[in-house]
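As structure tokens, the structure follows; a few thoughts come after it.
The values are calculated or read from the model by the stated rules, or taken from the named source; none is laboratory data. What you are looking at is a predicted structure, and each value in this text was computed from that prediction instead of being measured. Cβ placement follows ideal geometry from the backbone for every residue including glycine, while neighbour counts extend to all protein chains displayed.
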Amino acid sequence: MSKWLPTSDPFYLSGTALFAFASLYVVQRAIQTRAPKRHGSIPPRQERILVIGASSGLGRSVAKQYAARGARVCIVARRAEQLSVLAQECGQRCIWVAADFCKADDMVRLRERLLTEWGGLDTLHVCAGVSAVQPVMNLAGVKRGEENDASAAGIQRAVDITTAATQGNVYGPLVTAVTFIPMLIRTSTSPSMLLVSSVAAVVPAPTRAIYAATKASSLLLFQSLAIEHPGITFTFILPATIQGNFRASAVDADTESREAGPNQQGLKPDYVANRCVDAVDRQVKGSVVMPWFPYAIAHHLYYIWPGFIEQKARKKYGFT
Ligand SMILES: NC(=O)c1ccc[n+]([C@@H]2O[C@H](COP(=O)([O-])OP(=O)(O)OC[C@H]3O[C@@H](n4cnc5c(N)ncnc54)[C@H](OP(=O)(O)O)[C@@H]3O)[C@@H](O)[C@H]2O)c1
């Protein structure tokens, strides 16, 4: 043990880490609060915003908040009916395009429409995503406590479900980024990209393995893109559970999850949407974890005391 570290006691180490992170957070918030608003270079009514995944939930709230301040908003998702209703609510400056963000042809068609309508793009919110809610071994037909070996068909099923989650949480953000990065740089005075990731991407949890793995993958993809493209401000939003119907669209949903009804617990979509819009306005770079307590701490604590986080997560998800 180094003479600089008086003890290896995990309580001492985590206490010190907590203090250090809390101090860092206060400094970071102070800098962000004072950061100049992007409105100086792009007045709100002139901003051209694309929201991918706007037919429900968080993306819908983001679109409505931009429309309420008079911006030009393009809303995108696969369900045309929901989009047309939202477009009416958002008013005349809103356009909608039914498209699948995993499909290159759909995204190129969308890009051409934006070039024709607006001549470019300033802000891109990637809100679309899919959930996955079962323990990994369940996907392969292995029940907890039984520990029978998975069959080839069971293993393949786990692969197929992971492929579907990868489509929705990795390929979609990838296709979107590759389609729009040059256009953002070329046509905006202050280009901005926001990815809605998840706390699950940085804090492991049981029953969330496939979801977490795919959300972590797109988070790292975008974090690396941020380094490759310093001309664009990249923001990553990492929320905990949000109220709404996200579980119903799970790629591994069983009848119970499909019929469970909206989740009433968690963060309100309007609150998270407001944080997304504000983070882009303030040109916040990097990750915004919400709620900060306990998840930003849990994220870092996992590296020094994984057993503590594992125990808490098992308890929370009834995995004891
Ligand atoms: N809900 C939570 O507890 C929670 C927590 C943390 C992070 N998040 C993240 O927050 C984001 C929004 O979740 P939400 O709660 O608002 O869920 P949601 O209500 O299910 O919204 C998901 C949106 O994504 C769209 N979408 C999905 N696949 C698409 C595709 N292939 N192409 C185009 N659009 C697609 C859906 O539209 P269509 O079906 O019409 O295409 C829908 O508009 C997701 O990225 C999720 O990972 C959610």
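Odds and ends about this structure:
Every residue, every condition in (1) within 20 Å of L58 (Cβ to Cβ); (2) touching a His at 6+ places or on another chain (Cβ under 6 Å); (3) modelled with pLDDT of 95 or more, yes or no:
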site: Q265; (1), (2), (3): yes, no, no
site: D270; (1), (2), (3): yes, no, yes
site: A273; (1), (2), (3): yes, no, yes
site: Q283; (1), (2), (3): no, no, yes
site: V288; (1), (2), (3): yes, no, yes
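- Count of segment 64-107 residues which are within 13 Å of the ligand (Cβ to nearest atom) and assigned to a helix (DSSP H, G or I): 12
- Residue in segment 151-162 that is within 16 Å of the ligand (Cβ to nearest atom) and modelled with pLDDT of 95 or more present: yes
- G168 being of a type in the set (G, A, S), closer than 23 Å to D105 by Cα and in contact with a Phe, Trp or Tyr (Cβ under 6 Å, 6 or more places away or on another chain): no
- Of all residues in segment 109-147 being modelled with pLDDT under 95 and acidic (D, E), the one that is farthest from T166 (Cα to Cα): E146
- For segment 50-74, the set of residues classified as more than 17 Å from the chain's Cα centre (by Cα) and either buried (at least 19 other Cβ atoms within 10 Å of the Cβ) or among the polar types (S, T, N, Q) (or both) consists of K64, Q65, Y66, A67, A71, R72, V73, C74, listed by residue number.
- Listed by position, the helices (runs of 4 or more DSSP H) contained in segment 214-315 that have at least 1 residues being crowded, with 19+ Cβ neighbours inside 10 Å are 269-281, 292-304.
- The single residue among A152, A128 that is over 13 Å from R208 (Cα atoms) and surrounded by fewer than 20 Cβ atoms within 10 Å (Cβ to Cβ) turns out to be A152.
- The set of residues in segment 181-213 that are in a helix (DSSP H, G or I) and either aliphatic (A, V, I, L, M) or within 14 Å of the ligand (Cβ to nearest atom) (or both) comprises I181, M183, L184, I185, V199, A200, A201, A209, I210, Y211, A212, A213.
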